[in-house]
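Reviewing the structure listed below.
A short reminder: the numbers here are calculations on the coordinates, not readings from a lab. Fair warning: this is a prediction, and the values are worked out from it, not measured in the lab. Because the Cβ atoms are built from the backbone with ideal geometry, glycine has one as well, and the counts that use them run over all protein chains shown.
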Amino acid sequence: METRELLKWSAQVKLREKSKQEGRLEHGHRMCAGCGAPTVVKMVLMATEYPVVLSNATGCLEVSTCIQEFTAWKTPWIHTAFENAAATLAGVETMYRALLKKGKMPENVKFIAFGGDGGTYDIGLQSLSGAMERGHDMLYVCYDNGAYMNTGIQRSSATPLGADTTTSPAGSANPAGKLQQRKDLTRIMADHGIYAAQASPSHWLDLMNKVKKAHSIKGAKFLNIIAPCNRGWRTATDNSIELSRLAVETCYWPLYEIEDGKLKVTVTPEEKKPVDLFFKPQGRFKHLYSPENEGVLEKIQAQIDKTWERLLKESEGPC
Amino acid sequence: MGKVVAVTGNEAVANALRQADPDVCSLYPITPQTDIVQRFSSFVANGVVQTELLNAESEHSAMSAAIGASAAGGRVVTATSSQGLALMWEMLHIASGMNLPIVMPLVNRALSAPLNIHGDHSDGMGARDTGWVQLWSESAQEAYDNTIMAFRVAEHADIRLPVMVCMDGFIVSHSIARMEYLGDEEVKNFIGPYQTVNPLLDMEHPKSFGPLILTDLYHEYKRLQHEIMGRVKNVVLQVSDEFEKLSGRKYGLFESYRLDDADIALVILNSAAGTSKDVVDELRDKGIKAGLLKPRLFRPFPYEEIGKALKHLKAVCVMDRADSFGGYGPMFMEISSAMYQADGNGKRPKLINKIYGLGGRDYMPSDARQVLLELNEIAGGAPVTAVKEYIGVRE
């Protein structure tokens, strides 16, 4: 999509008006109050101005939106298992091409897969990588809340260093919680030679621009979107947008895109805030403020600074 | 009309898939099945079929994609063997649970460990409880015929279930045999166009596939699957009758060989049945009333019909090319169940179980002879010394 065209669309789009349109994820689903995931999904679908077919990995979003005779989805939607939202949708998209060729389907149907970080970074990575490498005309959206929240807050490879989860608990022998860095999945996906980007629901226009751009590109696309989980993050239920904003402003969750191998930071915080502001409201990091974890926060801050500097260096031109 | 050729089982099955001209074929290589998807890929590359190929990065994804494609609304095939089927296991249940008429040739091969690429039935027997229809084939001809019929069975409005067509790895898949192809047009007319039922890609009527179902309705859902499976026998018989009119080749739920007046019999699947039939003939020439039963439809299992076919016998040996370690061979358990329910006026044949041919170990006429002679003694009153026993073992 031409940058000019995208700018024109961005200038016109009004979130308030968009939100009045009939949604494809309807009310009545059973996601927790304050969960970031349905907001992310709605924003992605608002920016999808095409007929769309969805697939969903097993997870919170899936179990809460389609329970026996009820569904919150007003567009074709399929769930088969946990690790294969990409492979399942790849099959759907392949059948679409077969039927399109025979004149049995309309042009310009879009395909989007949704998976949580467990279903994407961990168990679904192979299926995702395969689908992206094959170049199916689809967008894979990971809503990243940093742990297996559906099964009760277990550590995933998206869980940040230092987080207390039920399988990386902070205890007397290991006071620090998770001891490893997160996997940098967005970069891994970009290395498939596809359009890959990170977004946050706090920066809705940036998020929707990225969706819009992704749909304009033929082939595989990947979008990694932070989605606060108040159950797992041990936070209040009224601040998921505020928390995702802090994630961006502290550069814990930098907003950038990689297209044709070129990286571009899409949002630069006016003032880069200390990660402490993002961590402090979250119960999962509470133990990091105790004396036995002295130095851990500094280590995390140093890592964030290093990554941010590298991103800025790689980023093309001003943003 | 038909064309007589000399081809391998894999080539025969690849041609059956070509004649079915599916909309989507998802694939992943694994010995000894690879040859099927290789041949099919060249059909696609040369425009012989209209199919869209999907080269998956694993069998798990091949089956996941087959499920997605089938739910989307079109004819879908894939093929596998052994570890590939084992890796698909999770998705096999989902394909049948979602009533998706996927057709999948399974070239039977042993399961690891230790690694072995040769033919036995451990893979197919391991998929016994996945809700798939299973058709087993003795030869390239049967594998070809079963593959063609599989589309009609799978896509039948009464059932809409995935079908697995089994044939022996290497022994059939890689051996050249004489067989007869049907004409392309004949097959096309026989299979007919694909009828979609509630396709996901109906954009005007959006549907959700794959819901969460909790304790209130899951049990009922599974009973429905059981009931649908109950309709498969009739569908298979109906399709087989039509196929006989087309091809002149008769298929039932199983094959009976010299069984009506027999005293003793082997129950044996796939290629080893051919070897055994020769030995049955040899013993008949010596005045021993031997016979054979070769199951074709293994899932759903035709307990009643098989019970009826075997109940007059004095002794039966069920030959298993797979083992359920710590239990009897998987087919022995089925035959035992069938015989327990069969009405034999208080009499039923003595049953023994031999495990043979694992990991491609040759099954020789001498093996069949040894087992039939043992059965003959049991029929004459000799005691059963071991219910389950391995044969052809290098001691």
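Summary of values
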quantity: Principal-axis tilt of helix B:232-247 within chain B, Cα atoms, nearest 10 degrees; calculated: 90 degrees
quantity: Residue-averaged [θ]222 nm for the protein assembly as shown, counting only DSSP H segments that reach four residues, each worth -39500 (n - 2.57); calculated: -11500 deg cm²/dmol
quantity: Fraction of antiparallel bridges per DSSP, the protein assembly as shown only, in percent to nearest 5; calculated: 30 percent
quantity: Crossing angle, helix B:9-20 versus chain B [Cα axis fit, 0-90 degrees, rounded to tens]; calculated: 40 degrees
quantity: Relative contact order of chain B, pairs being alpha-carbon contacts under 8 Å that are 6 or more residues apart, as %; calculated: 16 percent
quantity: Estimated FRET transfer efficiency when R0 is 56 angstrom, pair A:Glu17-B:Tyr340 (beta carbons, to 0.05); calculated: 0.20
quantity: Trypsin sites (Lys or Arg not before Pro) within the range B:291-380: DSSP coil, no more than 16 neighbouring Cβ in 10 Å; calculated: B:Lys347
quantity: DSSP bridge orientation in chain A - percent antiparallel, rounded to nearest 5; calculated: 35 percent
quantity: Dipole magnitude of the range B:139-190 about its Cα centre (Cβ charges: Lys, Arg +1; Asp, Glu -1), debye to nearest 20; calculated: 120 debye
quantity: Three-way shape label, chain A, alpha-carbon gyration tensor, a/c 1.5; calculated: prolate
quantity: Cα shape, the range B:254-390, gyration tensor, a/c 1.5 rule; calculated: rounded
quantity: The range B:134-170 and the range A:66-136: distance between their alpha carbon centers, rounded to Å; calculated: 28 Å
quantity: Residues with amide H under 5 Å from that of A:Tyr256, placed H, sequence gap 5 or more; calculated: A:Gln198, A:Thr266
quantity: Whole-number percent relative contact order across chain A, with pairs defined as alpha carbons under 8 Å at least 6 apart; calculated: 16 percent
quantity: Cβ-based charge dipole, the range B:254-390, positive-most Cα from B:Gly360, B:Gly307, B:Ser271; calculated: B:Gly307
quantity: Magnitude of the charge dipole, the range B:254-390, Cβ model with Lys/Arg +1 and Asp/Glu -1, debye to 20; calculated: 180 debye
quantity: All aspartates and glutamates inside 15 Å of B:Lys308 as judged from Cα atoms, apart from same-chain residues fewer than 8 positions distant; calculated: B:Glu255, B:Asp260, B:Asp261, B:Asp263, B:Glu334, B:Asp343
quantity: Cleavage-rule hits, GluC sites (Glu not before Pro), the range A:256-294, DSSP coil, Cβ neighbours within 10 Å at most 12; calculated: A:Glu270, A:Glu271, A:Glu294
quantity: Whole-Hz couplings from phi, Karplus 6.51/-1.76/1.60, listed for the range A:134-141; x for Gly and Pro; calculated: 6, x, 4, 7, 8, 10, 9, 10
quantity: Size of electric dipole in chain B: Cβ of Lys, Arg +1 and of Asp, Glu -1, about Cα centre, debye, nearest 20; calculated: 740 debye
quantity: Whichever lysines have a C-alpha closer than 17 Å to that of B:Lys207, once near sequence neighbours (fewer than 8 apart) are set aside; calculated: A:Lys74, A:Lys110
quantity: Counting DSSP beta bridges with both ends in the range B:254-390, the antiparallel % (nearest 5); calculated: 20 percent
quantity: B:His156 long-range amide H proximity, modeled H, under 5 Å; calculated: B:Leu161
quantity: Most positive-pole-ward Cα, A:Leu255, A:Leu15, A:Ser129, against dipole of chain A from beta carbon charges; calculated: A:Leu15
quantity: Listed residues B:Val187, B:Val172, B:Val133, most fluctuating in chain B (Gaussian network, C-alpha, under 10 Å); calculated: B:Val187
quantity: A:Val52 long-range amide H proximity, modeled H, under 5 Å; calculated: A:Lys110
quantity: Stretch gain in nm, segment A:Lys306-A:Lys104, where the contour uses 0.36 nm per residue and the Cα spacing is subtracted; calculated: 67.5 nm
quantity: For A:Tyr252, B:Tyr218, A:Tyr148, order by how many other beta-carbon atoms lie within 10 Å, fewest first; calculated: B:Tyr218, A:Tyr252, A:Tyr148
quantity: Taking B:His60, B:His174, A:His27 and counting other C-beta atoms within 10 Å, the order from fewest to most; calculated: A:His27, B:His174, B:His60
quantity: Dipole of the protein assembly as shown, positive direction: furthest Cα of B:Leu27, A:Ile225, B:Val197, with charges on the beta-carbon; calculated: A:Ile225
quantity: Gyration tensor (alpha-carbon) shape descriptor, the range A:1-134, a/c threshold 1.5; calculated: rounded
quantity: Cut-off 13 Å between beta-carbons: net charge of the residues surrounding B:Phe209, Lys and Arg +1, Asp and Glu -1; calculated: -1
quantity: Among the listed pairs B:Lys233/B:Lys388; B:Lys3/B:Lys245; B:Lys277/B:Lys311; B:Lys3/B:Lys188; A:Lys101/A:Lys262; A:Lys221/A:Lys299, those beyond 26 Å (Cα-Cα); calculated: B:Lys233/B:Lys388; A:Lys101/A:Lys262; A:Lys221/A:Lys299
quantity: Neighbour cut-off at most 10 other Cβ (10 Å), DSSP loop, chymotrypsin sites (Phe, Trp or Tyr not before Pro), the range B:289-333; calculated: B:Phe325
quantity: Residue of A:Gly261, A:Gly36, A:Gly162 that the Gaussian network model of chain A assigns the largest fluctuation, springs spanning Cα pairs under 10 Å; calculated: A:Gly261
